[in-house]
1. Between Asn62, Asn27, Asn49, which gets the highest mean-square fluctuation from a Gaussian network model of the chain, Cα cutoff 10 Å?
2. What number, in percent, do you get for the relative contact order of the chain if the mean sequence gap of Cα pairs under 8 Å and at least 6 apart is divided by its residue count?
3. Work out the count of Lys pairs in the chain where the Cα-Cα distance is under 25 Å, with the pair 8 or more places apart or on different chains.
4. Just the accessible area per residue of the chain, please: how many Å² with a 1.4 Å probe?
5. Rounded, prolate or oblate for the chain? Axes are the square roots of the Cα gyration tensor eigenvalues, ordered a ≥ b ≥ c, and the cut-off for rounded is a/c under 1.5.
6. From the residues Ile26, Leu54, Leu6, which one has its Cα farthest along the dipole of the chain in the positive direction, the dipole being from +1 and -1 charges on Cβ of Lys/Arg and Asp/Glu about the Cα centre?
7. At a 1.4 Å probe radius, carbon and sulfur cover how many percent of the accessible area of the chain?
Amino acid sequence: MNELDLLKRNAGINEDAPQMVQVKVINSGYGTEMGMKDAEIISQELDQNMKPILKVRIKDFNMGDPVVADFRNGMWTVDMD
């Protein structure tokens, strides 16, 4: 085991495990909120305005296809509209 692997292990970092985040799921078109859900982070990107977004997969939502989460009001939010 090399030094970097040892540091990661000691810090509790497991790059093989999916990285998870809590996201608020809403539908702004209907004005509904489905609460906070666990989401697997697929990628971290910048949108056209250079703001950070996450592409995430939420179990039992959108047939498991990736959706976009943006940072609103202090939390990652997925708008299913």
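1. Asn49
2. On the way: 132 pairs, mean separation 21.1, N = 81.
In percent, rounded to a whole number, it is 26.
3. The result is 8.
4. 75 Å²
5. Since a/c reaches 1.5 and a/b is larger than b/c, the shape of the chain is classed as prolate.
6. The Cα lying farthest towards the positive end belongs to Ile26.
7. 50 percent
The values are calculated or read from the model by the stated rules, or taken from the named source; none is laboratory data. Note that the coordinates shown come from a computational prediction; the quantities given were computed from them, not determined experimentally. Counting neighbours? That spans all protein chains shown, and the Cβs are built from the backbone with ideal geometry, glycine included. Note: accessible area is taken over every heavy atom of the protein model, side chains too, but ligands, DNA and RNA are not part of it. Shrake-Rupley method; radii C 1.70, N 1.55, O 1.52, S 1.80 Å.
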